[in-house]
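Here is the structure we will look at.
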Amino acid sequence: MIGTGVFTTTRYDSRRDFDEQRPSGVHVARNHFTAAGVRWMWEMMAGRLRQDDGTLSDHLGSARIVVGNGDIGYVPNQERLQGDQTAQAALDGGFPTTEVRLLEDDDFLRPLGLITFRATFGEADACFDWREQGVVTAQGVLIDRAVGDGGRKVLGSVWQTEAVLELTG
């Protein structure tokens, strides 16, 4: 199993620009799964993340996108964002979405699973330098992390971040 993905942040200078879908810029950063994220996925698939009544105690349907100002490079054992300023946003309606494809690779079919998260940070949210992004579960497990200078979000701007996580076999 190989896990990677992409964070795409679309920047809007104002709520009006956001409503009219007039972006002022786009930033793209590659992500990598954390060891805690992979462990969480295996525990989830094994059915071990259950409450006493049998219901799920944690799942990606209640995930959040987190952003921070940390510029420490990615290391697989990181369990949280590295910056001293962080913010999070709930997923936009209709997210996450999932898709599975079969890819042909040297006459061999292999699966590709995609899960897409999207969150919108409003005018007063996360106003600082964005240098890292991640997806966290409802219980706060950091599934993945991307590092890259995404720019400074200022008061009045609206930024929408989409994270596409890929699992290939």
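The values are calculated or read from the model by the stated rules, or taken from the named source; none is laboratory data. What you see is a predicted model, and the numbers here were worked out from it, not measured in a lab. Don't worry about glycine lacking a Cβ; one is built from the backbone with ideal geometry, like all the others, and counts go over all protein chains shown. Please note that ligands, DNA and RNA were not included when accessible areas were found on the heavy atoms of the full protein model with its side chains. Shrake-Rupley method; radii C 1.70, N 1.55, O 1.52, S 1.80 Å.
Open to solvent by less than 30 Å² (accessible area, probe 1.4 Å), at pLDDT 95 or above and not hydrophobic (A, V, I, L, M, F, W, C) - does that describe any residue in region 109-128? There is at least one residue in region 109-128 that is open to solvent by less than 30 Å² (accessible area, probe 1.4 Å), at pLDDT 95 or above and not hydrophobic (A, V, I, L, M, F, W, C). Here R145 meets each of (1) touching a residue at least 40 places away in the same chain (Cβ under 8 Å); (2) not in a strand (DSSP E or B); (3) not acidic (D, E) with one exception, condition (2).
Among the residues of region 150-163, those identified as under 24 Å from S62 (Cβ atoms) and either open to solvent by 20 Å² or more (accessible area, probe 1.4 Å) or touching a Gly at 6+ places or on another chain (Cβ under 8 Å) (or both) are V158, Q160, E162, A163. Look at region 98-109: where a residue is farther than 12 Å from T168 by Cβ and of a type in the set (V, I, T) and a partner is surrounded by 10 or more Cβ atoms within 10 Å (Cβ to Cβ) and modelled with pLDDT of 80 or more, sitting 6+ places away or on another chain with Cβ atoms under 6 Å, you get T98/I115.
Considering only residues in region 103-124 that are among the aliphatic types (A, V, I, L, M) and assigned to a strand (DSSP E or B), the one that is farthest from A63 (Cα to Cα) turns out to be L109. Restricted to region 25-65, and to residues there that are touching a residue at least 24 places away in the same chain (Cβ under 8 Å) and among the polar types (S, T, N, Q), the residue that is nearest to G122 (Cα to Cα) is S62.
Candidates V100, V147, V141: the one that is within 21 Å of H59 (Cβ to Cβ) and surrounded by 18 or more Cβ atoms within 10 Å (Cβ to Cβ) is V141.
Within region 134-169, the set of residues being of a type in the set (S, T, N, Q) and at pLDDT below 95 comprises T137, Q139, T168.
Taken over region 27-50, the criterion of being in contact with a Lys or Arg (Cβ under 8 Å, 6 or more places away or on another chain), within 15 Å of R80 (Cα to Cα) and either assigned to a strand (DSSP E or B) or hydrophobic (A, V, I, L, M, F, W, C) (or both) is satisfied by N31, H32.
Any residue at all in region 7-25 that is surrounded by fewer than 18 Cβ atoms within 10 Å (Cβ to Cβ) and of a type in the set (A, V, I, L, M, F, W, C)? No, because not a single residue in region 7-25 is surrounded by fewer than 18 Cβ atoms within 10 Å (Cβ to Cβ) and of a type in the set (A, V, I, L, M, F, W, C).
Taking the listed residues G150, G93, G83, the one that is small (G, A, S), in contact with a His (Cβ under 9 Å, 6 or more places away or on another chain) and over 17 Å from V38 (Cα atoms) is G150, with no other qualifying. Does L167 meet the test of being within 16 Å of F7 (Cα to Cα) and either among the polar types (S, T, N, Q) or touching a residue at least 12 places away in the same chain (Cβ under 8 Å) (or both)? Against the criterion (within 16 Å of F7 (Cα to Cα) and either among the polar types (S, T, N, Q) or touching a residue at least 12 places away in the same chain (Cβ under 8 Å) (or both)), L167 qualifies.
Residues to consider are V75, V66; find the one that is open to solvent by 10 Å² or more (accessible area, probe 1.4 Å), within 14 Å of T34 (Cβ to Cβ) and part of a strand (DSSP E or B). The conditions single out V66.
In region 40-63, the qualifying residues are those that are of a type in the set (A, V, I, L, M) and surrounded by 13 or more Cβ atoms within 10 Å (Cβ to Cβ), and the one that is farthest from V147 (Cα to Cα) is L56.
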